[in-house]
Amino acid sequence: EVEHYLTQENHKEKALIYSNMFGVCNGFTQGDIHCDKSKKEEFKMLNPHHAGVESMVTYSLDGTILATKDNADVFYDLNNILNLNSGNLKKARQSAIDVARGLLIKKHPIKQWTKALIQKEIDAWKSKNEKGQYRQFCQIAIWFWEEQMKRKRYPAK
């Protein structure tokens, strides 16, 4: 679906300006309303058109999406405007981590993991499928594997 960065209500003149639009999911996850369906006001900080917006957010293992720094505006956008920490979204993100781990465990027992194998998983989660789409919740899986790469427990090869 299409959402507007600056609300159509407050900026009617920008309703059809491409740079004010961006693609979003349908805004429903198992009864939870989020993204464009929960957005009633303008963002304080997050702007999907700005390069590096993803660097403003991070995750936790329980599926919570967080501001990378103690930034009240990013926190507000994530929780109050987009409702990205609704219960079902957190469960879906946690499930993506479980799927990511499960796929690698299926291919390689845990004691055989190396940074090279983990990098292959990161690359796989960053790539699009045959339809040109990313996997659902790929960003948290990528975050999880990048966090694993920081650990000293995995050999390089």
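The values are calculated or read from the model by the stated rules, or taken from the named source; none is laboratory data. All figures in this text were calculated on a predicted structure; none of them were measured in a lab. Because the Cβ atoms are built from the backbone with ideal geometry, glycine has one as well, and the counts that use them run over all protein chains shown. Just the protein is used for accessible areas: all its heavy atoms, side chains included, with ligands, DNA and RNA removed. Shrake-Rupley method; radii C 1.70, N 1.55, O 1.52, S 1.80 Å.
Results, tabulated for the structure shown:
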| quantity | calculated |
| --- | --- |
| Kirkwood Rh and Cα Rg combined as Rg over Rh, evaluated for region 1-112 | 1.06 |
| Using a Förster distance of 30 Å, the FRET efficiency for GLN30-GLU1 (Cβ separation, nearest 0.05) | 0.95 |
| Whether region 9-71 is rounded, prolate or oblate, judged on the alpha carbon gyration tensor where a/c under 1.5 counts as rounded | oblate |
| Helix-only CD estimate at 222 nm, as mean residue ellipticity for the chain, using -39500 (n - 2.57) per DSSP H run (n ≥ 4) | -10000 deg cm²/dmol |
| Placed amide H near GLY27: partners under 5 Å, 5+ positions off or other chain | none |
| Environment charge at GLY27 (Cβ cut-off 11 Å; Lys +1, Arg +1, Asp -1, Glu -1) | -2 |
| Cross-link pairs beyond the 23 Å C-alpha cut-off, checked among LYS107/LYS152; LYS69/LYS111; LYS12/LYS128; LYS106/LYS128 | LYS69/LYS111; LYS12/LYS128 |
| Surface per residue (accessible, 1.4 Å probe) for the chain, Å² | 63 Å² |
| 5 angstrom amide H check on VAL57, placed H, neighbours 5+ away | THR68 |
| Accessible area of VAL99 in the full protein assembly, 1.4 Å probe (Å², nearest 10) | 70 Å² |
| Gain on full stretching of the segment that runs from GLU13 to ASP98 - 0.36 nm per residue minus C-alpha separation | 26.1 nm |
| Of all accessible heavy-atom area on the chain, the percent that carbon and sulfur account for (1.4 Å) | 53 percent |
| Computed over region 85-141: relative contact order in percent, which uses C-alpha pairs under 8 Å that are six or more apart | 45 percent |
